[in-house]
1. Which of A:78, A:240, A:224 comes first, and how do the rest follow, when ranked by fewest Cβ neighbours within 10 Å?
2. For a Förster distance of 45 Å, can you work out the FRET efficiency between the beta-carbons of residue A:118 and residue A:214, rounded to the nearest 0.05?
3. Find the Rg to Rh ratio for the stretch A:209-290, where Rh is the Kirkwood radius over alpha-carbon pairs and Rg uses the same atoms.
4. Would you order A:43, A:291, B:125 from fewest to most other beta-carbon atoms within 10 Å of each residue's own beta-carbon?
5. Give me the tail of P(r) for the stretch A:269-313 as a percent: Cα-Cα pairs with distance above 16 Å.
6. Need one number: % antiparallel among DSSP beta bridges in the protein assembly as shown, to the nearest 5.
7. Working only with C-alpha atoms, what are the Rg and Dmax values of the stretch A:100-158, expressed in angstrom?
8. Taking every DSSP beta bridge with both residues inside chain B, roughly what % is antiparallel (nearest 5)?
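What follows is calculated from the coordinates using simple rules that are stated; it is not laboratory data. These figures come from a predicted structure and were not determined experimentally. Glycine gets a Cβ as well: all are built from the backbone with ideal geometry, and neighbour counts include every protein chain shown.
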DNA sequence: GTGAAAGCGCTAACAA
DNA sequence: TTGTTAGCGCTTTCAC
């Protein structure tokens, strides 16, 4: 019977068809549980998300679903709310359930400690890499993303570029500052003033815009560490009488639809390609399950999405 | 051994401890797969989400996780991207995996067709109810939410209240209009003009604010069908020279942090309590699994979150 | 209080 | 080409 339903084994086509017909009529659905017991594979992976808002881990989940073949392999999703105890708990639960592997989706790009409890299955870290180099991680090339953003500004005629970004402590803040400086340097330019470190919020963006206009009135572009900041900067600049993009061009990071498209004008933004991160993580996990772990850090490129906020100055 | 590890059966404490010690030392983790085969329960449920951005289904997932006891029962998450074919596919996959039940998280409040494929396990619909009354659904009391919003505006001294909302076709748009009218009527008031139907976007809110200011310059409050709309209205009003909340108070719906708190001023908003919807759905599902299905529509109340946009007029 | 054995639903190997 | 059987890892029952 198993042969008929799975298309394996030597069987006359007619017999196979007959068996399948009867099975269908009876509403018979073979149990993956029993099959798993025998084969040792559950075609199930754990997906641990640590950002409860899901802004980062949801796109990762979607990408992973793509790679996992639309239900061929399904994901048991666990939201740790960034609590290590809960994480531990979930990992144990996943192991008991004999998942074939685990994807850990981070909420910041800073390296994170590897999963505790020595999971006996492959683990792939997505977005935030594991601090253990022997683990397998998929990360975004944020440095290149920042560079692209700034190169785009330079290409469209901007020369006096400032950088307003998030909290000093974040790895992504440092990386984006580096990328910015790098791109400017390559073009023989320098950052206008120092990077403006603050929060990730619109409020900070508005504040920074006002301060920036005062201290550096000749700025003609701002690369912002996030879309929220950029949006605040857009509003702040407008209220200081500067026009976007005519006087000042703006680029953000995240390409988060609600913010980027609600912004006036719509925001040019660096897309972190999180779905691709998820897809890569899923594919790597499957490969690790079949052929053994492939440690290392895999990098996915960003993608600049150009909207009105960085249109060349009309003058 | 099973007796020792699960604390069942007649066993000397010492024996139990000894077995557990050895098991721990060997890194032995009992297989839930084998247990499921025997008991028929997998302690796994399917969670079908239909909104790929997760704005509605993620809070539902969190609530469900709460109810499912932190890993006691885990959720296999499937994102259908609102495609019925894919949904069908996922349902079959879940059934093969012998999930104990299924939660279907909607993306609009309009009733949706029930899951195809006659799942042999309990199904609970969350946020969007099933169009089949024999199913079990958990929905938000949006009518009461709208009423509360308007009552709040009236209580804080507003009398000339307008309503700017989303597309005519949506059930939640109709319900919110009804609630608004109801609350006004109870207070002996009437809506200023007709409801303004449009999109869910900020752009629409800005446009509507301008039009509204022109046609009804005496409006002193606007109840908006979403936070995005409200935010657009806030910006639009400000640009027409009206102060929020001094001249016009504003209330939105969704209580979506990024929008509500990025708004100037921060937005009073009707919270849809989606996490509670998820919790209720999870609890109902567990009950249905243990004691059989309990059909019907279960309603969860909204919660008004008051912020600066609806402060009483200072004058 | 402890050990042995049957059987959950499937697959793979083997016998007919 | 088809039917039979052992056994995946657990729990439950029953004999000791």
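1. Numbers: A:78 26, A:240 17, A:224 33.
Arranged by neighbour count, lowest to highest, A:78, A:240, A:224 become A:240, A:78, A:224.
2. Numbers: r = 55 Å, r/R0 = 1.23.
For R0 = 45 Å, the calculated efficiency reads 0.25.
3. 1.23
4. A:291, A:43, B:125
5. Numbers: 526 of 990 pairs.
Summing the P(r) of the stretch A:269-313 above 16 Å gives 53 percent of all pairs.
6. Among the beta bridges of the protein assembly as shown, antiparallel pairing accounts for roughly 10 percent.
7. So, for the stretch A:100-158, Rg and Dmax equal 16.1, 54 Å respectively.
8. 10
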